[in-house]
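Derivation of every value follows stated rules applied to the coordinates shown; laboratory data play no part. Predicted model only: the values in this text are computed from it and were never measured. FYI the Cβ positions are ideal-geometry reconstructions off the backbone, even for glycines, and counts take in every protein chain you see.
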Amino acid sequence: MGRFVVKRLIGMVAVLFAISIIVFLIFNVIPNSDPAARIAGKNADPDLIARVNIDLGLDQPLPVQYLTMMRQIFTGQLTSYASNRNVVEQIWEGLPATFSLCIGAAVIWMSLAVLFGYLSAVHSGRFADRALTVLSLVGISMPVFWLAAILLYFLSFKVQLFPTGSYVPLTEDPLDWAYHLVLPWFTLAVLFIGFYSGCCGPTCWTR
Amino acid sequence: MATPLGEVEVPDGPPLPVGIPKSQIQGRSPWYLAWLRLRRNKVALGCGVLFILIVVFSLSAPLWSEFVAQTGPNDNHITDTVVIDGNETDIVAPDGTPLGPGLRGKYLLGADQNGRDVMVRLMYGGRTSIYIGVAAAAVTTVLAVLVALLSGYYRGWIDSVLSRVLDIIWAFPVLLLGIALGTALAIGGLKVGPLAIAGDSIWIPILIIGLVYVPYMARPLRGEILALREKEFVEAAVAQGMGPIRIMGGELLPNIVSTIIVFFTLNIANNMLLESALSFLGAGVRPPNASWGTMIADGYQMIYTAPHLTVVPGLMIVITVLSLNVFGDGLRDAMDPKAKIRLEH
């Protein structure tokens, strides 16, 4: 058992290492996106671009650049050259909104999936089961961004039931926070109810 | 014998179809029995027919474009007018609002902000979306079957290496990897040896979508092969002196064909959803080419003034993907009702 865990842990580190290299390379092979040219502005003279390159360490060989990036990641100093801000800080900033969305949606889809799965098991083969199966299948067959757009149009623009956007922090006003998130929560949940209710329950179309 | 890791139970045979005289069943091939089961599933059959109808609808795009709408999918008509009920009407009103849908040959589904005929674009977009879905599913299937056969047959270090490679792809969120590769490859194109693909080629999204779904198909297939590998018929084949390629192609592959067919069908549905998401985010099909995803992306900018631009292509995606999902589900039940194969996300 101990050996198995160690083997798996070594495998995990190897996979993480490979992922970091792939991520580094994907964004390094993008041509025409020379960050130095972008920072130096339009019609910058080659000297300036060269100086920015040296500032950012882009004149170094790729392995050195990779090591620099990894060192900055582990020391939390990674800085975005586009916004010139610390990446960890930016991630922290986005965290509350992301977690509010994900946790709320997960609570909804888990409860509804359990309910749907229970109902279709109890009424196995009968109308309720078939209807729920159809609903789940429709849910997983929709592009979620499209569903969001349609709901936004009908429920926020036409009927004006929900706000059209923006995010209110939980600490500021819990009610307003939930009010702004109801529509996104349910939109996300529609997709996952299908997966988690087992989509096809015990019976599926044949009986 | 010790059971290998990740073993999947391979049923000895699906139960026979019910309600059919025994004389019709005895001695028939499994394919015929699967067809007997599928035939009873009217909803799945209907969805299969519906998908074929959508394919025919999309393939007839040039006919509609030539004889009814008389405009191409990428032709702009911002300043043109069209005669409706005897009145000359702007295709795009001065305030930027395009023509809405109506019963007529030209602009049946209205126009978009560039004065392009939505019906024509919808048909051409369907060709692109379905083509990407099917071609990417073919890429995924070929790669996944190869990986599954190799790691399931050889096991040992080959399996370890291939499984780790799958782990790497698996570790990325599908959409994120798609966007990263999509933007990276769209600018420079792809050049690997003699193979060169331009950045605006439809093959960039096809290869990306095909690649990201490989682990999702290869893992369950590998499990099946690992289980089959332990069966007596493989031992018998080895004893007869068959080579690895003959055993993989002639003994193991035929036993997973039904799984592959089901996966292929469900994979097309998934691919079409991913294509629409990538195109919506600008990392898939390049404008001005139409696909249902790019049409939603174009229409979304005008959702408050011209919602039909968003609703129509989205509905087409839902109907197509739904029909494929239901048909694939019925196919799975018909081919192997006991199997728990399911394409994960």
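Brief remarks on what is shown
- Sparsely packed loop sites in region A:42-141 (the trypsin sites (Lys or Arg not before Pro) outside DSSP H, G, I, E and B with at most 15 other Cβ atoms within 10 Å) comprise A:K42, A:R126.
- Under 5 Å, built H, 5+ apart or other chain: amide partners of B:D112: B:V118
- Quarter of Cα convex hull surface for the protein assembly as shown, i.e. mean projection, nm²: 34.5
- 3J(HN,Hα) from dihedral phi, region A:189-194, Karplus parametrisation 6.51/-1.76/1.60, rounded to Hz, x for glycine, proline: 5, 3, 5, 8, 4, x
- Under the Debye formula (equal points on every Cα, no solvent term), log10 I(q)/I(0) of region B:67-108 at q = 0.20 Å⁻¹: -0.65
- Relative contact order (%) - criterion: Cα under 8 Å, at least six apart; region: chain A: 21
- Neighbour counts of other Cβ atoms within 10 Å put B:M217, A:M1, A:M110 in the fewest-to-most order A:M1, A:M110, B:M217.
- Placing one equal scatterer on every Cα of chain A and applying the Debye formula, the log10 ratio I(q)/I(0) at q = 0.12, 0.16, 0.19 Å⁻¹ is -0.96, -1.09, -1.19.
- Among B:V165, B:V134, B:V262: highest mean-square fluctuation, GNM of chain B, C-alpha pairs under 10 Å: B:V165
- Note that region B:189-258, at 37 °C in a medium of 0.692 mPa s, gets a Stokes-Einstein diffusion coefficient of 221 µm²/s from its Kirkwood radius over C-alpha pairs.
- Between the amide H of A:T79 and those of A:V87, distances stay under 5 Å, these residues lying 5 or more places away or on another chain, with hydrogens modeled in the peptide plane.
- For B:S160, A:S156, B:S258, B:S29, order by how many other beta-carbon atoms lie within 10 Å, fewest first: B:S29, B:S160, A:S156, B:S258
- Under the span-like rule (Cα at least 20 Å along the axis, Kyte-Doolittle mean at least 0.0), DSSP H helices of chain B: B:42-59, B:118-154, B:156-171, B:174-188, B:214-229, B:253-280, B:308-335
- If you run the Gaussian network model on chain A, springs between alpha carbon atoms under 10 Å, then out of A:P184, A:P61, A:P163 the most flexible one is A:P61.
- For region A:1-15 versus region A:111-170, the spacing of their alpha-carbon centroids is 40 Å.
- Region B:98-150-region B:169-187 distance, computed between alpha-carbon centres (Å): 21
- Most tightly packed first, judged by the mean number of other beta-carbon atoms within 10 Å of their residues, the peptides A:112-124, B:80-92 read A:112-124, B:80-92.
- When region B:24-164 is described by a simple charge dipole with +1 on each Lys and Arg Cβ and -1 on each Asp and Glu Cβ, the residue from B:S29, B:G115, B:T140 located farthest towards its positive end is B:S29.
- Cubic angstrom per residue, convex hull over Cα atoms of chain B: 175
- Shielding by partners for peptide A:134-143, expressed as the average number of C-beta atoms from other protein chains within 10 Å of each residue's C-beta, is 6.
- Placing dummy labels 7 Å off each Cα toward the beta-carbon, the span from B:F67 to A:Q65 is 5.6 nm.
- Dipole size of the protein assembly as shown about its Cα centre, with +1 on Lys/Arg Cβ and -1 on Asp/Glu Cβ: approximately 1860 debye, rounded to the nearest 20.
- Among B:L331, B:L162, B:L103: highest mean-square fluctuation, GNM of chain B, C-alpha pairs under 10 Å: B:L103
- Rounded to the nearest 10 degrees, the angle from helix A:87-122 to the longest Cα principal axis of chain A is 20 degrees.
- Rounded to the nearest angstrom and listed largest first, the equivalent-ellipsoid semi-axes of region B:241-345 from its Cα gyration tensor are 38, 17, 8.
- R0 of 45 Å, Cβ-Cβ distance A:E89-B:N289: FRET efficiency to nearest 0.05: 0.70
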